[in-house]
């Protein structure tokens, strides 16, 4: 079983080196997609041995970075990908949880909601509300729909065309996969947050317009 860890990276110079170092302990097949970073991220990445890098000349969005990674995984015949954020909010030590449950679902989400740690209240509320809506549309129980820590099997990447280039692509993927009958599972992961203020209202508001749009169009 060949698994590719995809790390979309945008201006993550403070974290990216440690994220890669920690990830290598659990999976040495790593692709970082530098999405037009304007800080020192790319220079840090170039000095790390044993990883593959795709660099975007400009910031295209998290969805575009992930899709570039998906294309790489298909071209190189990986059985699945694990997506992990570059900002240190995902613990690479949770990767074995995904692998142990590989046969249980087609997409496996990292569920933070049973171990929220110091997750900001606004994000807790956003997750609860948007996960309820997405669960209803998908007709599957999804407890942490906004989690970017995921295992996605090769057959999903082959079968589903994704349109979005922003972070809404992660929601698009769930909705389209569920409509085609794929099973969405979850494993518990740790929530890691630091320095996020309680005033970030955007996470509570953003998902709903996109969810309703996709639902109406029946994509």
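The numbers here are math on the coordinates, done by the rules we state, and not lab data. Keep in mind it's a predicted model, so treat the numbers as computed, not measured. In this analysis, Cβ positions are derived from the backbone assuming ideal geometry, glycine residues included, and neighbour counts consider all displayed protein chains.
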### Message
Which of 4, 74, 31 has the fewest other C-beta atoms within 10 Å, and how do the rest follow up to the most?
### Response
74, 31, 4
### Summary
Rounded to the nearest 500, the 222 nm mean residue ellipticity computed for the chain from DSSP H runs (n ≥ 4, each -39500 (n - 2.57)) alone is -11000 deg cm²/dmol
### Task
Please sort 176-183, 158-165 by packing, taking for each peptide the average over its residues of neighbouring beta carbons within 10 angstrom, highest first.
176-183, 158-165
### Message
Suppose each label sits 7 Å from its Cα in the direction of the beta carbon; what would the residue 100-residue 179 distance come out to in nanometres?
### Response
3.5 nm
## Note on the structure
Once normalised by the length of the chain, the mean sequence separation of its alpha carbon contacts under 8 Å that are 6 or more apart gives a contact order in percent of 24 percent
### Task
Any chance you could run the full-extension gain for residue 124 through residue 76? It's 0.36 nm times the residue separation minus the Cα-Cα distance, nm to one decimal.
13.6 nm
### Query
Listing 20, 6 from the residue with the fewest other Cβ atoms within 10 Å to the one with the most, what is the order?
20, 6
### Query
Given Cα pairs under 8 Å that are at least 6 residues apart, what percent is the relative contact order of segment 1-87?
45 percent
